[in-house]
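Participant: If you scroll down you'll find the structure; I have some questions about it.
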Amino acid sequence: MKKILLPLEETERSLKAVHFIKENYKPEEAELVLLMIDETLGYSVKSEAEAEAIKEMEAKIDVIAESLEGYKIAKTAAVGKAGVRICRTAKEVGADLVVMTKSSKEDMLNSIGSATEYVINNCPCDVLIVSEVVSDANAYRGLIYRTASSVVNLRGQLGDKQSECLLPSVNQDCIYHINVTVGKIRFFHTAYNPDTRNWDLPPMEGQEVTLDIAAGESKDILVKADSTDGKADRIRIVNRDMKKEAVFEYKITAAK
């Protein structure tokens, strides 16, 4: 039986490694070690804050583990630099293989993140990078809305339905009125990058790049019309929760 280390985050890209395992290894073929790391606290953090962070990560790992029924699973959470912690854990548990994605950052399909690069160069075992390449660089696999207003229901990222969507992009300055009634969403506004042929650049100065909106909150977000090579900016909404659904309504009106 192969021992496989899975470094995870609560992002859809990170969860691709989980789907890869389920598609390529039967429960009797792989023993899994689920690892989650908090890089925000650093090494000089107070013990109480570290304990709370680990407790929260362990709860998230438990949710992911539920989707891996039948597999033998070990769970671990840590604080510190992701690359260093992944390599250290691989050595401690005697991993035969580390399975991870290029990067956990949104809209960075064409780049290898610093943590992944560190693991490739320093890990004591083999490292497998899950492919995220699609046939069309501009293809989008989530829901796409084309009306000026609608109510949207996004499933959790471990669900069997879409957990993100694109809202219409318009050719004039406008206001996106967003009201969340269930769960929590993250608003992403990105511009087209002709070098990578993907929407991975920040928008024009003075505009929101990301914004979190929780149930009971309403936000009016100014979006200035802009395009590169004829490609309009992209407005993307993501439910980053792994299990709970998110429901919101949006309306797009012209800016004064």
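Participant: If you average 1/r over all unlike Cα pairs in the chain and invert the result, what Kirkwood radius do you get in angstrom?
Facilitator: Details: mean 1/r = 0.0505 Å⁻¹.
Here the Kirkwood hydrodynamic radius works out to 19.8 Å.
Participant: Still on this structure, I have one more. How much of the DSSP beta bridge set in segment 143-254 is antiparallel, as a percent to the nearest 5?
Facilitator: Details: 38 of 40 bridges.
Here the share of antiparallel DSSP bridges comes out near 95 percent.
Participant: Moving to a separate point now. Quick query: amide H of Thr181 versus all other amide H atoms, modeled in the peptide plane; which residues come in under 5 Å with a sequence gap of 5 or more or a different chain?
Facilitator: Amide H to amide H, under 5 Å and 5 or more residues apart or across chains, Thr181 pairs with Gly216, Val247, Phe248, Glu249.
Participant: Also, I was wondering about something else. Quick one, can you get me the convex hull of the C-alpha atoms of segment 2-129 expressed as volume per residue in Å³? Walk me through the numbers before you get to the answer.
Facilitator: Values: hull volume 12.9 nm³, N = 128.
It is 101 Å³ per residue.
Participant: Next question. Given the pairs Lys22/Lys72; Lys3/Lys72; Lys75/Lys244, which are separated by over 18 angstrom at their Cα positions? Before the final figure, lay out each step's value.
Facilitator: On the way: Lys22/Lys72 13 Å; Lys3/Lys72 10 Å; Lys75/Lys244 22 Å.
The answer is Lys75/Lys244.
Participant: Label-point separation (nm) for Lys184 and Val84, each offset 7 Å from Cα along Cα-to-Cβ?
Facilitator: Each label point is offset 7 Å from its Cα along the Cβ direction, giving 2.8 nm.
Participant: What is the order of Thr210, Thr116, fewest Cβ neighbours within 10 Å to most?
Facilitator: Details: Thr210 13, Thr116 22.
Placing the least packed residue first, the sequence is Thr210, Thr116.
Participant: Using only the Cα atoms of segment 168-256, what do you get for the radius of gyration and for Dmax, in Å?
Facilitator: 13.5, 40
Participant: Which whole-Hz ³J(HN,Hα) couplings does segment 231-247 yield from phi under the Karplus relation 6.51 cos²θ - 1.76 cosθ + 1.60, θ = phi - 60°, glycine and proline marked x?
Facilitator: Using θ = phi - 60°, the values come out as 9, 5, 4, 10, 10, 10, 10, 10, 8, 8, 6, 6, 10, 8, 7, 10, 10 Hz.
Participant: What residues have an amide H closer than 5 Å to that of Asp233, excluding those fewer than 5 places away on the same chain, when H is modeled at 1.01 Å from N in the peptide plane?
Facilitator: The list, which skips near neighbours in sequence, is Asp226.
Participant: Something else: Under 16 Å Cα to Cα from Lys251, which lysines show up? Leave out anything in the same chain fewer than 8 places away.
Facilitator: Partners found: Lys219, Lys224.
Participant: So, one more: Rounded to whole Hz and in sequence order, give me ³J(HN,Hα) for segment 19-26 from the Karplus expression 6.51 cos²θ - 1.76 cosθ + 1.60, θ = phi - 60°, writing x for Gly and Pro.
Facilitator: 5, 4, 4, 5, 7, 10, 9, 7
Participant: Cβ neighbours within 10 Å, averaged per peptide: list 222-232, 90-100 in order, most packed at the top. Numbers along the way, then the final one.
Facilitator: Details: 222-232: 14.0, 90-100: 19.4.
Descending packing order for the listed peptides: 90-100, 222-232.
Read-outs throughout are calculated quantities, based only on the coordinates presented, and are distinct from any laboratory measurement. Because the structure is predicted, anything quoted here is derived from the model rather than measured. Note that we place each Cβ from the backbone using ideal geometry, even for glycine, and neighbour counts take in every protein chain shown.
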